[in-house]
C-alpha cells in the first residue's frame, strides 16, 4: 500500500532553520495539504519528500523503505512551484519527452496526452505553438499534465492552484479526489484555502519550522472557515495592531 513517512526532518539555509524535526506520515487514500505563511518551509518539505533536495537530518521512507531509485521516481509525479518547462518545445513534444523519461510506451503517452490536454484545456489550437508563447495559466496546465501523465502512485503538487482559472482549479480538485479514491498518496502545498477545503483529508500547518498542527481536517475545522482555523496556529506579529494604526494614520 502507498505510504510516505518523514521522520525528524530538519533543514537550514544560510544558518536559518526552515524545518526543525518534522515528522509525519501520509497513507494511500489521503490528501495531505501543507499550510503556512510565505517562507514557512512548505516547498522545502515537499522538495525533501520527493528527493529534489536532501534533508540536513532525518529520513524519508516510501512503503517502509521498499521503494528507491528509478522505481520510485517512475511512481512519483511532481508539479514544482517553479517552472520546469522547455520553452522551445510545444506542449505535445514536451509531454512526449516527459513520458519517455517515465518509461511509458508510445501508445500510453499518446493516450494520456490526449485525455489530459482535453481535460485541462478548452481549446488545443495553441498547444502546437512553442511553450514560450503560452500564458502563465497555460504553462501551469502543461506542468499539471506532465505531473499526472504517468498516473503516479505518489503525487506532489506545490501551489497547484496559483495562476489557473477557477474552472481549471475545480477540474484539478476533481482529479485529485479521483486519485485519492484510487488509494494514491497526494501532498499539496497551497494558500488557496477554498480549494484546500474541497480536497484535503489531512492538514499540516508549518510555523516556526515545526508542525503546529498535523492531523485530520475534520479535527482542524472549527466552523469559522479554514483561514480562521489556520490563524489559530499561526501567530501574527506582536506589534501588528500598532503597525496597522500607523498605516491608517498616514492616510
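None of the figures in this text is laboratory data; all of them are computed from the coordinates on show. Values in this document were obtained by computation on a predicted structure and should not be read as measured data. Backbone-built Cβ (ideal geometry, glycine too); neighbour counts: all protein chains shown.
Listing for the model above:
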quantity: Label point distance in nm, residue 163-residue 110, each placed 7 Å from Cα along Cα→Cβ; calculated: 3.1
quantity: Correct choice for Cα extents along the principal axes in Å that was computed from the model, options (1) 58, 49, 29; (2) 60, 51, 38; (3) 62, 47, 43; calculated: (2)
quantity: Global form of segment 157-211, assessed from the alpha-carbon gyration tensor, a/c cut-off 1.5; calculated: oblate
quantity: Rounded if a/c under 1.5, otherwise prolate or oblate - segment 66-196, Cα gyration tensor axes; calculated: oblate
quantity: Pairwise label distance in nanometres, residue 233 with residue 57, each label 7 Å out on the Cα-Cβ vector; calculated: 2.2
quantity: Exposure proxy order (Cβ contacts within 10 Å, fewest to most) of 120, 242; calculated: 242, 120
quantity: Degrees, to the nearest 10: 136-148 long Cα axis against longest axis of the chain; calculated: 70
quantity: Ascending count of other beta-carbon atoms within 10 Å, so fewest first, for 57, 30; calculated: 57, 30
quantity: CD proxy at 222 nm, helix term only [per DSSP H run n ≥ 4: -39500 (n - 2.57); per residue of the chain; nearest 500]; calculated: -11000 deg cm²/dmol
quantity: Förster radius 30 Å - calculated FRET efficiency between residue 177 and residue 64, Cβ distance, rounded to 0.05; calculated: 0.70
